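Chemist: Okay, handing you the structure first.
The values are calculated or read from the model by the stated rules, or taken from the named source; none is laboratory data. Please read all numbers here as calculations on a predicted model, not as lab measurements. Every residue, glycine as well, gets a Cβ built from its backbone with ideal geometry; the counts of neighbours run over all protein chains shown. Quick note on the areas: whole protein, heavy atoms, side chains included, nothing else; ligands and nucleic acids left out. Shrake-Rupley method; radii C 1.70, N 1.55, O 1.52, S 1.80 Å.
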Amino acid sequence: MLGTLYAAPGNPGIAAHAQCVALDVSDADAVTGFCTRHGIALVVIGPEAPLVAGLADALRAAGIDTFGPSAAAAQLEGSKGFTKDLCSAANIPTAAYERYCDGPGAVAGLADFTLPVVIKADGLAAGKGVTIAHTYAEATEALAALFAEPGAAVVIEEFLEGEEVSLFVLADGATVMPFGTAQDHKRVGDGDTGPNTGGMGAYSPAQVLTPELEAQAMREIIMPTMAAMQAAGMPFSGVLYAGLMLTSTGPQLIEYNARFGDPECQVLMQRLESDLLPILLACARGTLATCAPPVFSAGAALTVVMAASGYPGTPASGGMIAGLAAAEADGAVVFQAGTALTGGALVACGGRVLAVTARGATIAEAQSAAYRAVDALDFPSGFCRRDIGWREIARARSR
């Protein structure tokens with residue numbers, strides 16, 4: 001018997017597949033109460049903030065199967081300093097770093113690093129709390145901005161040379177299952193220029209992460225992390241994706257996210273051919289070892305994020321969006337994020353508004369299909385990068 005799928009708070013896009021409910025996901029009592037009243041069998045927590053705040057703990061305490069880590073385990077995303085310290089203790093390859101809780105100390109600490117240097121907010125920053133400073137002035141300016149917030153803490157890291165890639169795994173606290181690869185495009189502008197964003201597009205699979213490099217990352221980064229978390233009494237359950245830098249000495253950890261990620265999730269789901277629900281439920285129940293590995297298509301998927309004008313600064317709200325049926329006519333899928341219905345019309349109400357996703361036999365074919373769908377949309381106040389997947393396409397052409 002099929003049940004009801006609820007989404008909180010949802011948007012006009014997911015409303016075609018789920019019943020949207022006006023729940024504040026930061027209110028654990030409200031979410032738990034709703035789930036109890038409606039007999040919810042499984043909760044999948046998407047955003048990072050409620051994970052870090054302990055929503056999964058509250059749901060589990062109420063006897064509700066939940067996909068997502070505890071607040072303690074979610075520190076892998078919630079605190080850059082926590083993760084760096086764990087890497088140091090477990091000998092996990094990552095950039096050299098120092099943690100600071102005061103501005104003057106952090107500025108003085110810059111002397112211990114060569115330029116360029118990476119400045120990171122210790123806590124959650126929606127993918128935008130990172131500055132790669134190429135000058136001392138840029139570094140001090142970034143530190144001043146971060147320490148303008150009360151109680152701020154930062155991590156200063158050495159800059160790693162290489163190409164960035166994302167590796168996903170599912171876990172139930174004991175068993176770990178690889179779950180695909182992707183490459184995100186974080187900068188707002190073509191050619192990876194401009195400030196960092198939450199992600200302007202992605203593709204999967206990331207072929208630059210060869211099977212040999214993936215095995216090395218699992219052996220040297222993922223498994224030691226899981227073992228260290230278990231030994232510390234905070235076993236990780238849910239999805240963990242590792243942002244890796246492929247350096248001349250092998251993969252090094254940049255950071256962890258304790259969720260599927262956006263826009264990486266879109267391309268992974270477009271390639272997934274097996275049923276996701278039993279795997280998520282197994283993670284929640286600690287029975288992942290009984291599940292068969294996920295099956296992904298042999299082809300590629302690519303997604304292009306359409307953002308509202310002004311993003312990643314203050315985005316313009318209220319821009320009209322039309323043409324979704326035309327964009328999806330050839331098989332593309334337009335995922336909605338920052339959208340709302342106003343007077344029956346679809347409008348933008350956030351920074352990243354749409355994720356236009358398509359499949360193809362190759363990255364180049366998926367890219368062409370995605371941009372055909374983008375061009376079929378009518379979103380005058382939106383913009384996108386026009387080069388998603390450029391690295392892999394360039395590599396394929398040079399082979």
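Chemist: I'm a student and want to see the number: the projected area of the Cα convex hull of region 23-152, averaged over all directions, in nm².
Modeler: 9.4 nm²
Chemist: Okay, next question. Can you compute the helix-only [θ] at 222 nm over the chain? Use -39500 (n - 2.57) per DSSP H run of at least 4 residues, normalise by all residues, nearest 500 deg cm²/dmol. Don't skip to the answer; put the middle values down first.
Modeler: Details: 14 runs with 118 residues, N = 399.
The helix contribution divided over the chain gives -8000 deg cm²/dmol.
Chemist: Sketch the reach of a paramagnetic label on THR114 as a point 7 Å from Cα along Cα-to-Cβ, and name the residues of region 81-103 whose backbone nitrogen lies under 16 Å away.
Modeler: Counting backbone N atoms under 16 Å from the label point, the list is 95-97.
Chemist: Could you work out the percent of alpha carbon pairs in region 235-382 separated by over 26 Å, rounded to a whole number?
Modeler: In whole percent, the share of Cα-Cα pairs in region 235-382 beyond 26 Å is 40.
Chemist: Right, something else. Could you calculate the contour length gain from VAL295 to ALA232, that is, 0.36 nm times the residue separation minus the distance between their Cα atoms, to one decimal place in nm?
Modeler: 19.4 nm
Chemist: A further question follows. Taking the C-alpha atoms of region 71-208, how large are the radius of gyration and the largest Cα-Cα span, Dmax, in Å?
Modeler: 16.0, 46
Chemist: Could you estimate the translational diffusion coefficient of region 98-148 from the Stokes-Einstein equation, with Rh from the Kirkwood formula over C-alpha pairs, at 4 °C and 1.567 mPa s, in whole µm²/s?
Modeler: Taking Rh from Cα pairs, D becomes 118 µm²/s.
Chemist: What spacing in nm lies between the two simple spin-label points modelled at HIS17 and ALA90, each 7 Å away from Cα in the Cβ direction?
Modeler: If labels sit at HIS17 and ALA90, their model points lie 3.1 nm apart.
Chemist: Let me ask you something else. Which of GLY78, GLY389, GLY360 ends up with the largest GNM mean-square fluctuation for the chain, with Cα atoms connected below 10 Å?
Modeler: In the Gaussian network model the winner is GLY360.
Chemist: Compute the length gained on full extension between ILE132 and LEU5: take 0.36 nm times their separation in residues and subtract their Cα-Cα distance, giving the result in nm to one decimal.
Modeler: 41.6 nm
Chemist: So what is the relative contact order of region 1-134, in percent, for Cα pairs below 8 Å that sit 6 or more residues apart?
Modeler: Worked out over region 1-134, it gives 14 percent.
Chemist: Okay, moving on. Using the C-alpha gyration tensor of the chain, what are the square roots of 5 times its eigenvalues, in whole angstrom, with the largest one first?
Modeler: 30, 27, 23
Chemist: Right, another one. What accessible area, in Å² to the nearest ten, does a 1.4 Å probe give for MET229?
Modeler: My reading of the accessible area for MET229 is about 0 Å².
Chemist: Still on this structure, please answer the following. Can you give the relative contact order of the chain as a percent, counting alpha carbon pairs under 8 Å and 6+ residues apart? Walk me through the numbers before you get to the answer.
Modeler: On the way: 878 pairs, mean separation 59.2, N = 399.
That works out to 15 percent.
Chemist: So what is the accessible area of the chain per residue, in Å², with the probe set to 1.4 Å?
Modeler: About 43 Å² of surface per residue is accessible.
Chemist: Can you give the Rg/Rh ratio of region 128-236, where Rg is from the C-alpha atoms and Rh is the Kirkwood radius?
Modeler: Using Cα coordinates only, the ratio equals 1.03.
Chemist: Using only the Cα atoms, work out Rg/Rh for region 174-258, with Rh taken as the Kirkwood radius, to two decimals.
Modeler: 1.00
Chemist: Considering only protein heavy atoms and a 1.4 Å probe, what is the carbon-and-sulfur percentage of the accessible area of region 150-301?
Modeler: Summing carbon and sulfur atoms, their accessible area is 57 percent of the total for region 150-301.
Chemist: For region 296-352, what are Rg and Dmax over the alpha carbons, in angstrom?
Modeler: Taking only Cα atoms of region 296-352, I get Rg and Dmax of 13.4, 43 Å.
Chemist: Using amide H atoms built in the peptide plane, which far-off residues or other-chain residues are under 5 Å from ASP122 H to H?
Modeler: ALA153, VAL154, VAL155
Chemist: Moving on to the next point. Using a cut-off of 14 Å between beta-carbons, work out the net charge of the residues near TYR97 (Lys and Arg +1, Asp and Glu -1, TYR97 not included).
Modeler: Net charge around TYR97: -3.
Chemist: In addition: Rounded to a whole number, what % of the accessible area of region 1-95 do carbon and sulfur atoms account for, probe 1.4 Å?
Modeler: 56 percent
Chemist: Given Cα pairs under 8 Å that are at least 6 residues apart, what percent is the relative contact order of region 158-237? List each step's numbers first, then the result.
Modeler: On the way: 99 pairs, mean separation 22.4, N = 80.
Relative contact order comes out at 28 percent.
Chemist: Calculate, for ASP102 and ALA215, the FRET efficiency according to 1/(1 + (r/R0)^6) with r their C-beta to C-beta distance and R0 35 Å; round to the nearest 0.05.
Modeler: The pair ASP102/ALA215 has a calculated efficiency of 0.25.
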